[in-house]
1. At a threshold of 8 angstrom on Cα-Cα distance, excluding pairs fewer than six apart, so keeping six or more, what relative contact order does the chain reach in percent?
2. Report the label-to-label distance for ASN72 and GLU97 in nanometres (one decimal), using points 7 Å from each Cα along the Cα→Cβ vector.
3. Between region 98-125 and region 18-36, what's the alpha-carbon centroid distance in Å?
4. Please identify the chymotrypsin sites (Phe, Trp or Tyr not before Pro) of region 43-104 that satisfy two criteria: DSSP loop assignment and at most 14 other Cβ atoms within 10 Å. Which are they?
5. Please give the calculated 222 nm ellipticity per residue for the chain, where each DSSP H segment of at least 4 residues contributes -39500 (n - 2.57) and the sum is spread over every residue; nearest 500 deg cm²/dmol?
6. Rounded to the nearest 0.05, what FRET efficiency do LYS126 and HIS25 have when you use their Cβ-Cβ distance and R0 = 22 Å?
7. Rounded to the nearest whole Å², what accessible area per residue is found for region 1-98 with the 1.4 Å probe?
Amino acid sequence: MSIILLVEDNTSNASLLEDVFSFDHIPAQLVTVTSGEQAQRLAILLDPVLILMDLRLPGIDGLETTEMLKHNPLTKNIPVWAITAYAMPGDEERAREAGCEEYFAKPFPIRTLADCLKEFLRGLRKTESRTDASTQSTNC
Ligand code: MN
């Protein structure tokens, strides 16, 4: 089963996402880490199909973590979707500059994220032979 890596330091946000995965039957295994440092190690180790990135993290924040992932040849092709509970003006622009392919600011309807995840995973299955998942587009 495909692995999706969640980088989230807030445990209630992380369990909300875990609930979305189980209630909406999202066909991927969610692995959660709580820091940018762990995200870089686990991204290399697990080669997830997608990374969901909280922007506000202690230490290396989500933007910097995304930049590091996008500059590492081992992880640069993994799509990164920014998820933030405390959106600030300019966040989306900064997230996209850092390399995030999608941006979700709360409060967003949770349905939107679940639908986007499903669509993304459907697209992956259709293009299984392709290794570069970042070239995929969703309507999200
Ligand atoms: Mn956070």
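The values are calculated or read from the model by the stated rules, or taken from the named source; none is laboratory data. All values reported here derive from a predicted model rather than from experimental measurement. Don't worry about glycine lacking a Cβ; one is built from the backbone with ideal geometry, like all the others, and counts go over all protein chains shown. We work out accessible area using only protein heavy atoms, side chains counted, and drop any ligands, DNA or RNA first. Shrake-Rupley method; radii C 1.70, N 1.55, O 1.52, S 1.80 Å.
1. Numbers: 214 pairs, mean separation 30.5, N = 140.
Value for the chain: 22 percent.
2. For the pair ASN72/GLU97, the computed spacing is 2.3 nm.
3. 12 Å
4. Answer by residue number: TYR86.
5. On the way: 5 runs with 59 residues, N = 140.
Theoretical 222 nm ellipticity from helices: -13000 deg cm²/dmol.
6. Working: r = 19 Å, r/R0 = 0.85.
The value I calculate is 0.75.
7. Heavy-atom accessible area per residue stands at 49 Å².
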